[in-house]
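Notes follow the structure.
The values are calculated or read from the model by the stated rules, or taken from the named source; none is laboratory data. In this text the structure is predicted, and so the values were computed from the model without any measurement. Note: ideal-geometry Cβ built from the backbone for every residue, glycine included; neighbour counts use all protein chains shown.
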Amino acid sequence: MVSFDRRKFLQAAGAGTALIPFGRAAFAAAAGGGNKRLVVVLLRGAVDGLNVVVPHGETAYYDARPTIAVPRPGRDGGALDLDGHFGLHPALAALMPQWRDGTLAFVPASGSPDETRSHFDAQDYMESGTPGQKSTADGWMNRLLTELPVKRTSTSALSFGPTLPRIFAGPVDVATVPLGRAAANPIPLDRPVINAAFDQLYTGEDTLARAYREGLESHKKVMKDLQADMMAADNGAPSPITFGQDTAHLAQLIKQDPSINLAFFALGGWDTHVNQGASDGQLASRLQPLAEGLAGLATGLGKDYQDTVVLVMSEFGRTVHENGNRGTDHGHGNVMWVMGGGINGGKIHGRWPGLDAASLYEKRDLAVTTDFRSVIAAVLAGHMKLAPAQIARVLPAAPSADPGLMRT
Amino acid sequence: MPDIALARHLADRLGFGPRPGDLDYIAKRGPDSWIEEQLHPAAALPKDVAARLDQLTTLKMTPVETFIAYGPPALQGVQDPEQRKEIQQRGRIVPAEAIEARILRAVYSPRQLEESLVDFWFNHFNVFDAKGLDRVWIGTYERDAIRPHVLGRFRDLLGATARHPAMLFYLDNWQNTAPGSPGAHGNFKGLNENYARELMELHTLGVDGGYSQDDVITLAKILTGWGFGDGSRMAAPGDDQARRKRGGAGKRPPRGSFVFAENRHDFSDKTLLGHRIPGKGEAEGDQALDLLARHPATAKRISYKLAQYFIADEPPPAVVDAGGATFAKTDGDIKAVLKTLFARAEFRDPATFNTRFKTPLRYVVSSLRATGATVRNFRPAFGMLQQLGQPIYGCITPDGYRCTEAAWLNADAMTRRITYALALAAGRLPLSEIPADQPPAPRGGAGRRQGHEPPVNAEALVATLGGISDKTRAVVAAAQPELRAALILGSPDFMRG
């Protein structure tokens, strides 16, 4: 994959998909990547990437989507122009400051090399980091934990939500943070007598005992960090459990706990087979809180934003053509979002294959020209300062990292 | 006391764990005889539970009736936003009653295998109660499409789910339309592959079952027109029968009951998985369901899933093969497949006893059974299931909740389960309160409310469970008396089954 400015790319048409091998110089400054952070947001259900970063410069886009296309910039409900060819869905307006200050980039036509249109398989591959291989037992973020050049603590990795996702499966323990206000509630196990009694039940090294000890330790840390804030929040109006609230928690946790390296969120509700809407509607109503949550994270982190990269991805894209129900079915290529310090942002990356009939994958879907793993690899190299051998352990057989995505 | 250990194993695996006295009953009856009893359920619910279920009125209504009472017709002509909100709130009774019935049956039904299978098959054919109209159909879906068939023929389950409005709505097939057909208009304009894909990937063959994207499209074409009445005339319940007389020209069928809309069907001849399916209308769908139900990949997949649910996260291949062979030989007789699985030495090997990490549902229900709790208020249990990430009818995706340790064991789950165990053991959950309209949200946090129920007696609990491990026994003996029952319910022994 080549980083590219679209106009330059068109001039240099024929440059093809050649991958520039990752150079040694790019990670020369490897040491000291210790408190770099990576936040991954997985949009489960396959978000319609063509209505996230809208190719408003293509007539084919509007031909394929008579009722659900986002209008061209400047029109009523129009896309927010990014580079003359692509525009952002208007519900994502909260992210325009990041785009303008160069800390937000998009990689359209990215995705998995595997052809599956099954949500479950595709998410599984995106989380295991090994497309096409079902036997991989662990998730790539768990493997990444073992490669980080830092001393691990019980809060090195945070997973938001009640169950541990596939992406964090593996030998290294990961803390789960409850969503919303529940995070800072005290529990009876905080009391010494009760704590001591249960400790004796869970003294072993089996999976339950480890989970028990991990749970108590991370509960204590999270509670300590959040309690002051939560008490204040309890006095105000009860706010709904939203992504914005959880990213605000994360920002606060990171500020107080420098040992947090990885965090993961999964958001659902993107499987818009029916009535997905255009500038308004079902998809827009989900995009808006997502954008506001991400923008809130960026501002909430303050100076720590410079040491944080946020990656937003989804298992596959959706059909170029709208279906019979003003929705879209399972497709192939999607768009990845990369936000944070050190990003070569304000730019569209990757090679855009176009939406004309001859360019579509299996005559129906946006093609994949950038393997999702090469985007992750670029972040691991440029941001987390991992060496190629380490990246190969996190993402085995992944294509080379894209050096253009990160400022070096 | 090997009989008691095996009895505990059977109670944990076939059902949701023992209630006081259950293990003696199973041991006295003998394991094989008890398994037979469970495979041919005849016992009735306790009278007071049956009486309570009898009060849940929405569970006696047809899908058409719940649609009319709580769906869009109830809002027709109502302009006042406050009044609309009030009507919509009223509709919450449908999922609430279904959840209450599910929890009460799981806790109290003597037909424990049947209740486990309702959990299993509902997840296999999952629908999500908060997706649009499914909120008015969730209870009838379980009652009509799942429950009657859990020990019957797989093909019957498949057919019943395929025609139930809850599934037709959840996976969008109700709008699946042949492009250019006479009935194609508005939102019914073209193919929608969603149901066709999940029907093969999740309900039958499995993702590696040998179908292609072309097969998905072909199956979607076969299922064009499978839906429910278009809703433009809201019919009275009695019209359901009139609808069945096909060709009542101008008469629109009521939404909420299955309808094959031939004016939206693709009548071309088709080839699915290499088999010719001539274009003949609704019968094509049944032919496709026959084909999928009898496919070898389906036999293997169903056997694997059942063996995983009842035996081990990674079921022994020989067991899966045996179950699959029975499935194929008996044309998908679920009872016969289960009989094969339960007879296997691998299932009865004492080394497998108490090794499966309970799902949140099994953990919560087994705790209410073991403590002999009087459950009149299902909300503390449901609140706990929400906290643990497994609210009943709340799985958004069509693959349903998983049953493995990897899916449910994590650090947060352990502290939450123990918090709940402490509250239950101390009698702090308001379980016997008659549910009011807005009971306090259960928090599971001990110390918030005092003395709702008598505290759980630790000795009685140990007797019900047929003993506890040496390690747990030692810790319990050394602990303050008021912590003992909580330590048992929060012990590794009780987290597993």
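Scan segment B:301-322 residue by residue and report those that are under 21 Å from residue B:125 (Cβ atoms) and in contact (Cβ under 8 Å) with a residue 40 or more places away in the chain.
Correct list: B:301, B:302, B:305, B:306, B:308, B:309, B:310.
Would you call residue A:308 hydroxyl-bearing (Ser, Thr, Tyr), touching a residue at least 12 places away in the same chain (Cβ under 8 Å) and within 14 Å of chain B (Cβ to nearest Cβ)?
The answer is no for residue A:308.
If a residue must be at the interface with another protein chain (Cβ under 9 Å from one of its Cβ atoms) and of a type in the set (Ser, Thr, Tyr), how many such residues does segment B:175-201 contain?
The number of residues fulfilling the criteria is 1.
Just to be sure before I move on: is residue A:323 among the polar types (S, T, N, Q), in the same structural domain as residue A:42 (by TED's automatic domain parsing) and in contact with an Asp or Glu (Cβ under 9 Å, 6 or more places away or on another chain) in the structure I sent?
Criteria met by residue A:323.
Answer yes or no as to whether residue A:243 is within 21 Å of the chain's Cα centre (by Cα), under 22 Å from residue A:168 (Cα atoms) and at pLDDT 90 or above. Write out each step before concluding.
Numbers: within 21 Å of the chain's Cα centre (by Cα): yes; under 22 Å from residue A:168 (Cα atoms): yes; at pLDDT 90 or above: no.
No: the conditions fail for residue A:243.
For segment B:75-92, enumerate the residues that are within 29 Å of the chain's Cα centre (by Cα) and either touching a residue at least 60 places away in the same chain (Cβ under 8 Å) or buried (at least 18 other Cβ atoms within 10 Å of the Cβ) (or both).
Across segment B:75-92, the qualifying residue is only B:91.
Within segment B:140-149, can one find any residue that is touching a residue at least 60 places away in the same chain (Cβ under 8 Å), farther than 26 Å from residue B:292 by Cβ and of a type in the set (S, T, N, Q)?
no
Considering each of B:48, B:12 in turn, give the residue that is free of Cβ contacts under 8 Å to residues at least 60 places away in the same chain and of a type outside the set (Val, Ile, Thr).
Criteria check complete, one pass: B:48.
Go through segment B:135-156 and report how many residues are part of a helix (DSSP H, G or I), farther than 9 Å from residue B:332 by Cβ and not hydroxyl-bearing (Ser, Thr, Tyr).
13
Among the residues of segment B:36-68, which ones are among the aliphatic types (A, V, I, L, M) and within 21 Å of the chain's Cα centre (by Cα)? Walk me through it before giving the result.
Quick first cut of segment B:36-68, residues among the aliphatic types (A, V, I, L, M) only: B:39, B:42-45, B:49-51, B:53, B:56, B:59, B:61, B:64, B:68.
Passing the criteria: B:39, B:42, B:43, B:44, B:45, B:49, B:50, B:53, B:56, B:59, B:61.
Looking at (1) buried (at least 24 other Cβ atoms within 10 Å of the Cβ); (2) more than 30 Å from residue A:270 (Cα to Cα); (3) modelled with pLDDT of 95 or more, which is the only condition residue B:414 fails?
Residue B:414 satisfies every listed condition except (3).
Regarding residue B:318, is this residue more than 21 Å from residue B:345 (Cα to Cα) and either touching a Gly at 6+ places or on another chain (Cβ under 9 Å) or not acidic (Asp, Glu) (or both)?
no
Within segment B:202-214, take every residue that is crowded, with 21+ Cβ neighbours inside 10 Å and of a type outside the set (A, V, I, L, M) and give me the one that is nearest to the other protein chains (Cβ to nearest Cβ).
B:211
Name every residue in segment A:359-377 that is of a type outside the set (Asp, Glu) and outside any helix (DSSP H, G or I), in order of residue number.
Scanning segment A:359-377 gives A:360, A:361, A:363, A:364, A:366, A:367, A:368, A:369, A:370.
Quick check on my filter: what residues within segment A:250-278 are away from every other protein chain (no Cβ under 14 Å) and within 22 Å of residue A:142 (Cβ to Cβ)?
A:250, A:253, A:254, A:257, A:258, A:259, A:260, A:261, A:262, A:263, A:265
In segment B:151-171, which residues are more than 16 Å from the chain's Cα centre (by Cα), within 14 Å of another protein chain (Cβ to nearest Cβ) and more than 19 Å from residue B:284 (Cβ to Cβ)?
Residue satisfying the conditions is B:169 alone.
Quick check on my filter: what residues within segment A:371-394 are under 22 Å from residue A:332 (Cα atoms) and either of a type outside the set (A, V, I, L, M) or not assigned by TED's automatic domain parsing to the domain that holds residue A:350 (or both)?
A:371, A:372, A:373, A:374
Residues in segment A:37-75 that are away from chain B (no Cβ under 14 Å) and touching a residue at least 12 places away in the same chain (Cβ under 8 Å): how many?
24
Of the numbered conditions (1) within 30 Å of residue A:147 (Cα to Cα); (2) touching a Leu at 6+ places or on another chain (Cβ under 9 Å); (3) β-branched (Val, Ile, Thr); (4) in a loop (DSSP other than H, G, I, E, B), residue A:68 fails exactly one; give the number of that condition.
All conditions are met except number (1).
Kindly check whether there is at least one residue in segment B:408-422 that is outside any helix (DSSP H, G or I), within 11 Å of another protein chain (Cβ to nearest Cβ) and either over 14 Å from the mean Cα position of the chain (by Cα) or in contact (Cβ under 8 Å) with a residue 24 or more places away in the chain (or both). Quick ask: steps written out before the conclusion?
Of all residues in segment B:408-422, those outside any helix (DSSP H, G or I) come to B:409-410.
Checking which are within 11 Å of another protein chain (Cβ to nearest Cβ) leaves us with B:409-410.
Applying the additional criterion that residues be either over 14 Å from the mean Cα position of the chain (by Cα) or in contact (Cβ under 8 Å) with a residue 24 or more places away in the chain (or both) yields B:409-410.
Yes; the residues of segment B:408-422 include at least one that is outside any helix (DSSP H, G or I), within 11 Å of another protein chain (Cβ to nearest Cβ) and either over 14 Å from the mean Cα position of the chain (by Cα) or in contact (Cβ under 8 Å) with a residue 24 or more places away in the chain (or both).
Considering only segment A:112-214, give the helices (runs of 4 or more DSSP H) lying wholly within it that have at least 3 residues that are within 8 Å of chain B (Cβ to nearest Cβ) and either touching a Ser or Thr at 6+ places or on another chain (Cβ under 9 Å) or among the polar types (S, T, N, Q) (or both).
Passing ranges, in order: A:192-201.
Kindly indicate the residue of segment A:215-238 that is at pLDDT 80 or above and within 7 Å of another protein chain (Cβ to nearest Cβ) and also surrounded by the fewest Cβ atoms within 10 Å (Cβ to Cβ) among those meeting that condition.
Per the stated criteria, the residue is A:216.
Looking at A:113, A:73, A:66 in this structure, which one is surrounded by fewer than 20 Cβ atoms within 10 Å (Cβ to Cβ) and over 25 Å from residue A:330 (Cβ atoms)?
Selected residue: A:73, the only one of A:113, A:73, A:66 that is surrounded by fewer than 20 Cβ atoms within 10 Å (Cβ to Cβ) and over 25 Å from residue A:330 (Cβ atoms).
With respect to the numbered conditions (1) more than 28 Å from residue A:406 (Cα to Cα); (2) out of contact with any strand residue (DSSP E or B) (no Cβ under 7 Å at 6 or more places or on another chain), which one is the sole condition not fulfilled by residue A:320?
If we test residue A:320 against (1) more than 28 Å from residue A:406 (Cα to Cα); (2) out of contact with any strand residue (DSSP E or B) (no Cβ under 7 Å at 6 or more places or on another chain), just (2) comes out false.
Go through (1) modelled with pLDDT of 90 or more; (2) outside the structural domain of residue A:250 (by TED's automatic domain parsing) for residue A:188 and report which single condition fails.
(1) is the only condition that residue A:188 fails.
Is it the case that segment B:170-193 has a residue that's within 29 Å of residue B:307 (Cβ to Cβ), of a type outside the set (Phe, Trp, Tyr) and modelled with pLDDT of 95 or more?
No.
Taking the criterion of being away from chain A (no Cβ under 11 Å), farther than 24 Å from residue A:207 by Cα and either surrounded by 23 or more Cβ atoms within 10 Å (Cβ to Cβ) or modelled with pLDDT of 95 or more (or both), would at least one residue in segment B:427-438 satisfy it?
Looking for residues that are away from chain A (no Cβ under 11 Å), farther than 24 Å from residue A:207 by Cα and either surrounded by 23 or more Cβ atoms within 10 Å (Cβ to Cβ) or modelled with pLDDT of 95 or more (or both), one finds at least one in segment B:427-438, hence yes.
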